[in-house]
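*Asks:* My questions all concern the structure below.
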Amino acid sequence: MKIAVLPGDGIGTEIVAEAVKVLNVLGLPMEMETALVGGAAYEAHGHPLPESTLKLAKEADAVLFGAVGDWKYDTLDRPLRPEQAILGLRKNLGLFANFRPAICYDQLVGASSLKPELISGLDILIIRELTGDIYFGQPRGRRIATDGHFPGAEEAFDTMRYSRPEIERIAHVAFQAARKRSKRLTSVDKANVLETFQFWKDVVSEVGLQYPDVELDHMYVDNAAMQLVKAPKRFDVVVTGNMFGDILSDEASMLTGSIGMLPSASLNSKNQGLYEPSHGSAPDIAGKGIANPLATILSAAMMLRFSLNQEASALRIEAAVQKVLAQGLRTADIYSEGTTRVSTREMGDAVVKAL
Ligand code: IPM
Ligand code: MG
C-alpha cells in the first residue's frame, strides 16, 4: 500500500504527524512517502503543486493530506497560491466525489452552538461534487495584474457549468451511499435561478429512476442552509455541487461542535483517494501544539476503508478515537469544564495507546 503524505502548511504538519504515528502502529505493509505541497512547496520550489509532488500522488494508492494556505500568500498571482495545490490534485487525480460526514459524538454534544436536542445523534453525510461547477468553469476571467487585484479593470467573471456525465456520476455515488444508510437523499440546487442547477436537478431526478428504493427530495440551497441549523436531523445524505457543497459542509461540520473532528474523503472512479481533515490550515494556531489531530486521524481511517480495503483497521482507529473521548481527553477546540486538556501530540499518543 503506497501512501503519499502531504502535510502542507500551518497546522498541517502537526496533525499529519499524529495520523502517521497512528497508521504506523497498525502493523500493515504500508509505504509512506512525504512531499511538500501548498505554501511550503511554493517556498521551496516556487510552485504550490510541484511536478514531483503530483507524480507521487498519482502513483500512490492514497494521499493523506493536511491543509494548505496562509494569509501571507494572498497577494500572489492566483496560480501560485497554496489553494491551487489542492484544486490541482483534485482535478489531476479526477477526485470528483467528496464525502464529508458530519457526526455529532455523544461526548461533544455540549461543544455545539446548537441546543443539544437538535444535534444529539446527528449523522449527516454531505456528498460534494469536487471537480466541476464554478470552481473549474472555462473560461474564467483572468486577472491582468500580478498583485492580486484588478487595477483599472471593470469586471471579473467565473463560469458555472456542469455536464451531464459529471452530474450522473456523482448522483450514482450519492444514491448508492443513501442505499447503504437510511435510503433518503436530498439534492441541493438553485434551480429557481440558475440554469446549471435546473439541469442538475433534472439529471439527478433521471438517475433517481434507477433507484426506486431511495427517497429523493430537492431543496434550494438557501433553504438547505436554513434547515441545517433549524432541524439538521431531517437530513441524511445530501448531494450537491462544488460551490454549494463547500459552504454547506462547513456549516454542517460546525453543528457537531468542532470542525476539528471531521474527516473527509475525495475519491475517483478507481477508488484512489485523497483524505484530509475538513478544516483548514489555521495559521493562527500553527506551531502551538494545540490543534486537534482527530479529524486527520479519522481521515486516515477513511483512507483504510475506501482506498486500502482495510475495514478492520479503520474500525479500530474509530473505536480508539471514541475511547480517548470517553476518557475525557480534549484538545483546546473541544475542551469544556471537567475534561482534560491535552496537546496535539498527547492526543495522538492517547489514540496510539488506545489502539
Ligand atoms: C475545502 C476548501 C477548499 C475549497 C479551498 C482551500 C480551495 O475550502 O476543501 O472546502 O474551496 O474547496
Ligand atoms: Mg471549504
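The values are calculated or read from the model by the stated rules, or taken from the named source; none is laboratory data. Everything numeric in this text was worked out from a predicted model, so none of it was measured. Please note: Cβ atoms are built from the backbone with ideal geometry, for glycine as well, and neighbour counts cover all protein chains shown. In case anyone asks, the SASA skips ligands and DNA or RNA and just uses the protein heavy atoms, side chains included. Shrake-Rupley method; radii C 1.70, N 1.55, O 1.52, S 1.80 Å.
*Asks:* Output the number of residues of the range 92-109 satisfying the condition of being more than 16 Å from ligand 2 (Cβ to nearest atom) and out of contact with any helix residue (DSSP H, G or I) (no Cβ under 7 Å at 6 or more places or on another chain).
*Replies:* Residues that pass the stated criteria total 3.
*Asks:* Given the condition open to solvent by 50 Å² or more (accessible area, probe 1.4 Å) and at pLDDT below 95, answer yes or no: does some residue in the range 55-71 qualify?
*Replies:* Yes, some residue in the range 55-71 is open to solvent by 50 Å² or more (accessible area, probe 1.4 Å) and at pLDDT below 95.
*Asks:* Out of all the residues in the range 260-300, which are free of Cβ contacts under 8 Å to residues at least 40 places away in the same chain and either touching a Leu at 6+ places or on another chain (Cβ under 8 Å) or farther than 17 Å from Met1 by Cβ (or both)?
*Replies:* Answer for the range 260-300, where residues must be free of Cβ contacts under 8 Å to residues at least 40 places away in the same chain and either touching a Leu at 6+ places or on another chain (Cβ under 8 Å) or farther than 17 Å from Met1 by Cβ (or both): Asp284, Lys288, Leu298.
*Asks:* Give, as residue ranges, the helices (runs of 4 or more DSSP H) completely inside the range 1-78 that count at least 3 residues that are small (Gly, Ala, Ser).
*Replies:* Of the helices (runs of 4 or more DSSP H) lying wholly inside the range 1-78, those with at least 3 residues that are small (Gly, Ala, Ser) span 12-24, 39-45.
For (1) more than 13 Å from ligand 1 (Cβ to nearest atom); (2) without any contact (Cβ under 8 Å) to a residue 60 or more places away in the chain; (3) among the polar types (S, T, N, Q), each residue gets a yes or a no:
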{"position": "Gly27", "(1), (2), (3)": "yes, yes, no"}
{"position": "Met32", "(1), (2), (3)": "yes, yes, no"}
{"position": "Ala41", "(1), (2), (3)": "yes, yes, no"}
{"position": "Ser52", "(1), (2), (3)": "yes, yes, yes"}
{"position": "Tyr73", "(1), (2), (3)": "no, yes, no"}
{"position": "Leu76", "(1), (2), (3)": "yes, no, no"}
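*Asks:* Sticking with this one: Collect the residues in the range 341-355 that are outside any helix (DSSP H, G or I) and either more than 13 Å from Lys323 (Cα to Cα) or touching a Phe, Trp or Tyr at 6+ places or on another chain (Cβ under 7 Å) (or both), keeping them in residue-number order.
*Replies:* Within the range 341-355, Arg341, Val342, Ser343 qualify.
*Asks:* What are the residues in the range 279-310 that are hydrophobic (A, V, I, L, M, F, W, C), in contact with a Phe, Trp or Tyr (Cβ under 7 Å, 6 or more places away or on another chain) and within 16 Å of ligand 1 (Cβ to nearest atom), if any?
*Replies:* Met302
*Asks:* Which pairs turn up if I take residues in the range 314-335 that are open to solvent by less than 10 Å² (accessible area, probe 1.4 Å) and look for partners that are among the acidic types (Asp, Glu) with beta carbon separation below 9 Å, at least 6 apart in sequence or on another chain?
*Replies:* So the pair list comes out as Leu325/Asp106; Thr331/Glu346.
*Asks:* Give me the residue from the range 79-104 that is open to solvent by 20 Å² or more (accessible area, probe 1.4 Å) and in a loop (DSSP other than H, G, I, E, B) and, out of that set, nearest to ligand 1 (Cβ to nearest atom).
*Replies:* Residue satisfying both the conditions and the ranking: Arg81.
*Asks:* Within the range 323-338, which residues are farther than 18 Å from Ser113 by Cα and either at pLDDT 95 or above or of a type in the set (A, V, I, L, M, F, W, C) (or both)?
*Replies:* Lys323, Val324, Leu325, Ala326, Gln327, Gly328, Leu329
*Asks:* What are the residues in the range 2-59 that are at positive phi and over 18 Å from the mean Cα position of the chain (by Cα), if any?
*Replies:* Gly27, Gly46
*Asks:* Counting just the residues of the range 177-225 that are among the hydroxyl-bearing types (Ser, Thr, Tyr) and under 13 Å from Arg164 (Cα atoms), which one comes out least open to solvent (accessible area, probe 1.4 Å)?
*Replies:* Filtering the range 177-225 for residues that are among the hydroxyl-bearing types (Ser, Thr, Tyr) and under 13 Å from Arg164 (Cα atoms), the one least open to solvent (accessible area, probe 1.4 Å) comes out as Thr196.
This table checks each residue for (1) at pLDDT below 95; (2) under 23 Å from Leu95 (Cβ atoms); (3) outside the structural domain of Leu122 (by TED's automatic domain parsing).
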site	(1), (2), (3)
Val203	no, yes, no
Tyr220	no, no, no
Leu228	no, no, no
Val237	no, yes, no
Leu274	no, yes, yes
Ile290	no, no, yes
Ala300	no, yes, yes
